[in-house]
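First up is the structure itself, then whatever we jot down about it.
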């Protein structure tokens, strides 16, 4: 009888320990996406492959590849550059218009 209780406690603790690393980061990600601008979200997500590569370097079991690092770096660089260029283009367009009049606002 004591073995069943112990197995059930172990199952519960394993379930909690395996859900926390999945549920908590996803929740924080969704809150961040809701609060940040789309350009910021894209820029942060674009740096993800470089961060993953850097974390893999910390693990001694994996060997690093200069080609992978180059590809990750170029991907992140171009994605951030595109996000910045888009942000500047949007800022230029909205700065030239001035404040919208009440009649020109979208009714949706």
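Given a Förster distance of 35 angstrom, what is the FRET efficiency for residue 40 paired with residue 69, based on the Cβ-Cβ distance and rounded to 0.05?
The formula returns an efficiency of 0.90 here.
So how far apart, in nm, are the two label points at residue 31 and residue 62 if each is 7 Å from Cα heading toward Cβ?
With each label point 7 Å from Cα toward Cβ, the separation is 2.8 nm.
Using a 7 Å offset from the Cα along the Cα-to-Cβ direction at both residue 90 and residue 47, what is the distance between the two label points in nm, to one decimal?
In this crude spin-label approximation the distance works out to 1.8 nm.
What list do you get for 53, 78 if you sort them by fewest beta carbons within 10 Å?
In increasing order of surrounding Cβ atoms, one gets 78, 53.
Values in this text are rule-based calculations from the coordinates and carry no lab data. Because the structure is a prediction, the values reported are computed rather than measured. Don't worry about glycine lacking a Cβ; one is built from the backbone with ideal geometry, like all the others, and counts go over all protein chains shown.
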